[in-house]
1. Suppose we filter L466, L431, L461 for residues that are in contact with a helix residue (DSSP H, G or I) (Cβ under 8 Å, 6 or more places away or on another chain) and of a type outside the set (S, T, Y); which single one remains?
2. Among the candidates P359, P399, P390, P382, which residue alone is in contact with a Leu (Cβ under 8 Å, 6 or more places away or on another chain), more than 25 Å from T262 (Cβ to Cβ) and crowded, with 22+ Cβ neighbours inside 10 Å?
3. I need the helices (runs of 4 or more DSSP H) fully contained in the range 239-336, keeping only those with at least 3 residues that are crowded, with 20+ Cβ neighbours inside 10 Å and either modelled with pLDDT of 95 or more or within 16 Å of the chain's Cα centre (by Cα) (or both).
4. Within the set of pairs 6+ apart or on separate chains, which have a first residue in the range 275-296 that is assigned by TED's automatic domain parsing to the domain that holds A330, a second that is aromatic (F, W, Y) and in a loop (DSSP other than H, G, I, E, B), and C-beta atoms under 7 Å apart?
5. Is it the case that some residue within the range 217-225 is of a type in the set (A, V, I, L, M, F, W, C), crowded, with 16+ Cβ neighbours inside 10 Å, assigned by TED's automatic domain parsing to the domain that holds L37 and assigned to a helix (DSSP H, G or I)?
6. Criterion first (among the small types (G, A, S) and not in a loop (DSSP other than H, G, I, E, B)) does A162 satisfy it?
7. Take A299 and tell me if it is of a type in the set (A, V, I, L, M) and touching a helix residue (DSSP H, G or I) at 6+ places or on another chain (Cβ under 9 Å).
8. Please specify each residue of the range 131-174 satisfying the condition of being touching a Leu at 6+ places or on another chain (Cβ under 6 Å) and more than 30 Å from V209 (Cα to Cα).
Amino acid sequence: MGGWRALGFALVLVASCGEEEAGSPAPISPVATLVELPKLKVVGSQFRDPSGRVVFLRGVNFSHRTKSKPYAAWQKPEHFEQIRDWGHNCIRYLLMWDAIEPEPGQFDEAYLDAVEQHLQWAAANGIYVLLDMHQDVYGPAFGGDGAPPWASVDNLVSPNLALKPWFLNYFTPEVIASFDKLWTDAELQSHFVLAWREVAKRAKNHSNVVGYDLFNEPFPGSRWPWTFESGELSSLYAKVAAGILEEHADAIVFLEPSAFPTNQGIPTSLKPLAGSPWVYAPHFYDPLLLTTGSYFGKAYTDWALGIMKAQAASFAVPLFLGEFGVPRTAPQALEAMRDQCDTLDATLAAGWTYWDYNPDLNTNNLIEVDDQSLLDGDQEHPALSALIRPYPRAVAGDPISLSFDLAKGVFRLLVKNPLPGQETVVYLPPLHFPSFTVEFPGEWAFDPDTSALHLSVPSGLTEANLLVRRVP
């Protein structure tokens, strides 16, 4: 989860009134045969596959449990299988700078081996991966995750402060000083770039790596968010992107704005990235829902995501919502989840990954509480059914609109300029469509093994309207 997700609301309030053993992952067996997925590229505001079809990515963050030692060592093939079985085709995979470079200039090859193995487990289940350099409250020195202790400013107070709620620790002197150093210290930045390059050396051989999310929820330190975005943050992004591109020539870079106030709907001041295809990748959290559990409808969601869509359009790049979430205990969790997903459908967002998939909440040993996971042992999130939804995985033509009525079990997709001779593929979750009817001006076939509807059109059509209805 990101650093400032409910911070805007918290500031308004202020103004108005089980641990596992540490260590590197065990060595893994070399991957004998790479599982290849069609490599995606950015074309305008969309992802496209090699045949030119528009690809939509839907999935989860993987995972809060990766934030602390033993980092990625807990991950198993069945985790990826479960994500696949929910119909998701993408994960945002959390990386830790502390795990990659535990000492200056020393890179943990066993950790990177494990990451590569997990990329293959994802590919074997048809899952694309966005690699995310994650942090919360800068690093483990301050009860968070991300940067190694040697890259932290940890000599200002003793003991380090530990405030509640957890995100208030961003305002402690040692955390502010650590971020200020990262944004200005050329030597420290060079280490950060080198850590990313070590990742890119491995990731470039995996066709399911859709891109690199350069920094999770950047915090401006002592700077104003707007000048920070256009200045220090844009400058560091350019350096990191250049380093990744030297290792992975056709890499796609995902840029996050400063978490506050941009994740609450305020336009970013980031500079467009030159020299590489890139994606605008903000996060969204309803601050009232996150801090109080109260939900007052989707007007705020529509407003904030509408601004994010417009911002991506102004850059002429795809919109990928890297994080959004609903507390498990919120009384209106199902309604909130449904509304957020409905709005994302309406924006035709190129991709999104929910926060988060964590199969065992008892493993948390951070000051941040994971209260939105889709799982807690055998207990599913009460709103999981709203997240598991139909969507077009590949569209042969120009997608104009898509929608899903959760209550009625009705899915609609409008495609302009459909391409004859190529298939549109739509995922239909068995949860919502145990049986169904299809209205479509062409041929269709359903594959029950993959829950995929395959559609093709004759030549001469200027549009194709798909309507799928659940049969009671």
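1. L431
2. Just one listed residue meets the conditions, P390.
3. Of the helices (runs of 4 or more DSSP H) lying wholly inside the range 239-336, those with at least 3 residues that are crowded, with 20+ Cβ neighbours inside 10 Å and either modelled with pLDDT of 95 or more or within 16 Å of the chain's Cα centre (by Cα) (or both) span 299-315.
4. Partner pairs satisfying both residue conditions: H283/F324; F284/F324; Y285/F324; L288/F296; L289/Y295.
5. Checked the range 217-225: no residue is of a type in the set (A, V, I, L, M, F, W, C), crowded, with 16+ Cβ neighbours inside 10 Å, assigned by TED's automatic domain parsing to the domain that holds L37 and assigned to a helix (DSSP H, G or I).
6. Here the answer is no, as A162 does not meet what is asked.
7. no
8. F167, N169, T172, P173, E174
The values are calculated or read from the model by the stated rules, or taken from the named source; none is laboratory data. All values derive from a computational prediction rather than experimental measurement. Virtual Cβ from ideal backbone geometry, glycine too; neighbours counted across all protein chains shown.
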